[in-house]
Each structure stands twice: as structure tokens, then as C-alpha cells.
Amino acid sequence: MMPRNEQKQATIDIVSRLQRVALPPAERNVAQIVAADYQAATRMTIAELATRAEVSQPTVTRFCRSVGCSSFSEFKIRLASTLTVAAAYLKSDRAFDDDAGKLAQRVMMRAASAVRECLDQIDSAVINEAITVLAASRRIDLYGQGGGSAAMIEDAKLRLFRLGLPVCAYADGHQQRMSAATLQPGDGVLAISNSGRSKSVVDAVEIARSFGATTVAITRPGTPLAEAADLVIAVTIAEGEDVLLPTPSRYAHLAVIDTLAAGIAVRLGAKAREALRRVRYTVARIGIAIPTPSTDPTPIMTNLSQEE
């Protein structure tokens, strides 16, 4: 029997369950046929799906059980329910007959699926509280380690400092611990770890919290980092089997960072708008700002020589 949390997840989103479950070769053939056209799969009989996948009907039944359904009929109902609310994220009107195009479709649909799965999981009350804490922080330290999380905190730094917030990002474990020791009440921490088990990040969050800083973590629930932080933005995105493709969790974490940054900007109001105006004016003067319908920097870019 599946764990209770897996049953709930399958009920919410059978497609996500299908994408991350490990399957035997024969059942994987069934999954590939389903994934090739989700809508068509909801209209197939068990015999039709077995024929297309070149497997037996009992194999199709075992596949349904592997993805959390008791029968083929239940599988089709759950798949149809998912498509009702998320079909736009699971397909594209563009058809490719070249390898590069098919690769682009695979990567980008995978990204869209990860973001959608993240949206299904987030607790909006926690997001709101994290926005409130970070917007009011005297100083914000960002902690992340390893290739993925280190890149995420750098992106978060770029999103936040443009709002006029004093923010620093630390990927080195010793620096994380040292910076945490200098924090105090009124300061904030945003830590990112997909595994939730990076020792230096967990240590830094615990140290920061002990000195009165409010700590926010983007990580998996039930991990050491989740236990250490004051606020946990819980995100569980399974990594794909193909190590040559970007990890799906990266897209989910970026979406959470953008949500936090947008919320903080709204919360700061005039302060954020003034900071962003200064940033845009500065980059416009060196000729690298991209015009938008409401803030076209072209007039001040005219006759300026390229500086960088």
C-alpha cells in the first residue's frame, strides 16, 4: 500500500506521479505512450493502450497501480481531472520533427510541469509571512551550497538588492556560519537547499536563529533544514533520471524566489519603485536597458556612446 502522503499527491496530480515514479521496462512503455498524448490516453480502452505500448493488458493494470491507481478506470479519471486544470502546461501547439526541437520541448515542458507542481504544493500563508519578514528585515543573508542552491541564492540576491534591500549571498560554509553569528533581531535569512541536508546551511540557520534573526527556508519538508528554520516554504520536486537535463527543482525554486521578490516589492511600495527607477536609469545611461511600454529609456539613450 502507498504511504498516505503519496496517495494524496497522486489524487492531486497523477501526471506528476507518473513523471517521477520508477517503473519496470514494460510499464515504462505504457508511460511513454500516455505521456506522448495525455488527452488521447483518457479516451483509450485498456486493450488499445496495451496494443500501442506492445504490452499485455495485465501490464497496463500493473502500471496503473504503480502510479497510485487501483484500476485502469481510476487512472483515466484521475488523468482527466489533472488535465482539466492543467492542460495548458502539459502540451504545446508547436510540433517538432527535428531532434533539437524535440529536446527544447522536453526541457521546457519539464520546466512548466515543475512550476505547476510547485504551485500545487505551496502554502500561501507561509509565503505571505515570509514576504512580511523579509520586507521588514534590516539585513538579509542568503545561504545555499552546491551548484544548484549556490546559483539560486545569487539569483535571489540580484532580485532583492534592486529593491534597495541590504542583502548578501554566501555559498561558502565557513562564511555562512560567520555571517550568521553577526545577525540580530530584525535581520532575516533565506536559505535554499533541495536536499535540506547541507550541514553548513543547517548550522548557519541554527546560529542565525539563536541570535534572534528570523529564518526562512525553501526546502523539502521533514529535513534538518526544515526543522531548523522558523518558516518553511516546503517544495518537493523529484529529480529526473536523465542527468544531462536540468534538475526540475531548479525551476520550482526560481518560481518561489520570483514570488517572494514580487511580493516584497509590492510590500515596499514607493521605496521599491524608487530603487528600481534608479537602477533602470543607471543601466539606461550605458545603453543596455531594454525598453518596455511604460518605461522606454530610449530618449536618454540617444547619442550616448557605448560604455560597456
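The values are calculated or read from the model by the stated rules, or taken from the named source; none is laboratory data. Worth saying up front: this structure is predicted, and the values here are computed from it rather than measured. So basically every Cβ, Gly included, is an ideal-geometry build from the backbone, and we count neighbours across all protein chains shown.
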Residues of region 198-217 classified as touching a strand residue (DSSP E or B) at 6+ places or on another chain (Cβ under 9 Å) and either free of Cβ contacts under 8 Å to residues at least 60 places away in the same chain or more than 16 Å from Ile127 (Cβ to Cβ) (or both), total: 12
Test: residue in region 188-209 that is closer than 30 Å to Gln19 by Cα and among the acidic types (Asp, Glu): no
Gly188 vs. criteria more than 18 Å from Ile237 (Cα to Cα), among the small types (Gly, Ala, Ser) and surrounded by fewer than 21 Cβ atoms within 10 Å (Cβ to Cβ): no
Enumeration of residues in region 174-185 that are outside any loop (DSSP other than H, G, I, E, B) and surrounded by fewer than 24 Cβ atoms within 10 Å (Cβ to Cβ): His174, Gln175, Arg177, Met178, Ser179, Ala181
Filter result (modelled with pLDDT under 95 and among the β-branched types (Val, Ile, Thr)) within region 246-287: Thr247, Val279, Thr282, Val283, Ile286
Residue selected from region 152-173 under the condition assigned to a helix (DSSP H, G or I) and touching a residue at least 24 places away in the same chain (Cβ under 8 Å), by the criterion farthest from Val283 (Cα to Cα): Gly173
Close pairs from region 264-293: first under 17 Å from Val167 (Cα atoms) and of a type in the set (Val, Ile, Thr), partner modelled with pLDDT of 75 or more and in a helix (DSSP H, G or I), Cβ under 6 Å, at least 6 apart: Ile264/Ile131; Ile264/Leu134; Ile264/Ala135
Some residue of region 104-122 being of a type outside the set (D, E, K, R), surrounded by 14 or more Cβ atoms within 10 Å (Cβ to Cβ), on the phi > 0 side of the Ramachandran plot and not assigned by TED's automatic domain parsing to the domain that holds Gly173: no
Region 137-150 - residue that is among the aliphatic types (A, V, I, L, M) and touching a residue at least 24 places away in the same chain (Cβ under 8 Å) and, of those, farthest from Val279 (Cα to Cα): Leu142
